[in-house]
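Peer 1: Sharing a structure here in structure tokens format.
The values are calculated or read from the model by the stated rules, or taken from the named source; none is laboratory data. Source: prediction; values computed, not measured. Note: ideal-geometry Cβ built from the backbone for every residue, glycine included; neighbour counts use all protein chains shown.
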Amino acid sequence: MNLSITHRSLLRRFAGITLIALVGCGPAADGAASEAGETEEAEDVSTVTASSNAREPRLPLPQPTGERAVGARIWEYQIEVTKDTVPAGETEFHVVNAGRDEHWLIVRAEGLFEATPHLLPGDSAVLRVDLQPGEYTLVCTIRDEFDHISEGERRSFVVR
Ligand SMILES: [Cu+2]
């Protein structure tokens with residue numbers, strides 16, 4: 001008899017423990033798990049958003065006037081220009097760093113390397129180069145955590 005009572009009380013205790021365990025794994029725990037899941041998703045989304053925002057230009061493309069004046073905007077990791085063809089002669093590149101990292105603009109061809117200084121975010125420069133007819137490359141060669149060329153920071157440029 002005693003044994004039976006003891007057994008029952010053990011069962012009750014066990015049932016109690018089970019109940020507690022069920023509550024522990026029940027809606028409250030699910031809620032916590034799903035909240036944790038939502039938090040992780042939210043973090044993922046904000047990380048993606050932040051990194052895509054980081055690759056948006058933060059300043060407008062300069063719009064210089066003149067046949068051989070070229071507006072150029074550089075950022076992670078692109079070069080945008082107002083025109084990619086000019087007539088031969090002294091060409092002015094009005095360059096702005098619209099990004100969050102350092103960049104520079106190089107006008108390159110066989111035997112030619114003309115560049116702005118390294119530009120901090122928000123800085124701008126005017127680069128004047130006397131260009132003969134031919135094909136040129138505009139490029140940023142900075143390597144920080146990224147290799148800017150490999151990331152796409154280059155563009156062809158033609159002088160007629
Ligand atoms: Cu760059």
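Peer 1: Picking from Phe113, Phe93, which residue would you name as being more than 26 Å from Thr65 (Cβ to Cβ) and in a strand (DSSP E or B)?
Peer 2: Phe113
Peer 1: Continuing with this model, one more query. Any chance you could count how many residues in region 80-95 are within 16 Å of the ligand (Cβ to nearest atom) and closer than 18 Å to Arg128 by Cβ?
Peer 2: Selection size over region 80-95: 3.
Peer 1: Let me ask something additional. Could you list, in sequence order, all residues of region 121-141 that are within 12 Å of the ligand (Cβ to nearest atom) and surrounded by fewer than 17 Cβ atoms within 10 Å (Cβ to Cβ)?
Peer 2: Result: Pro121, Thr141.
Peer 1: Restricting to region 73-90, name every residue that is of a type in the set (Gly, Ala, Ser) and either not in a strand (DSSP E or B) or not assigned by TED's automatic domain parsing to the domain that holds Asp130 (or both).
Peer 2: Ala88
Peer 1: Find the residue count for region 143-160, including only residues that are buried (at least 18 other Cβ atoms within 10 Å of the Cβ) and either in contact with a helix residue (DSSP H, G or I) (Cβ under 7 Å, 6 or more places away or on another chain) or among the hydrophobic types (A, V, I, L, M, F, W, C) (or both).
Peer 2: 2
Peer 1: For Glu114, are the conditions met, namely being surrounded by fewer than 17 Cβ atoms within 10 Å (Cβ to Cβ), among the acidic types (Asp, Glu) and at pLDDT 95 or above?
Peer 2: When the stated conditions are applied, Glu114 does not pass them.
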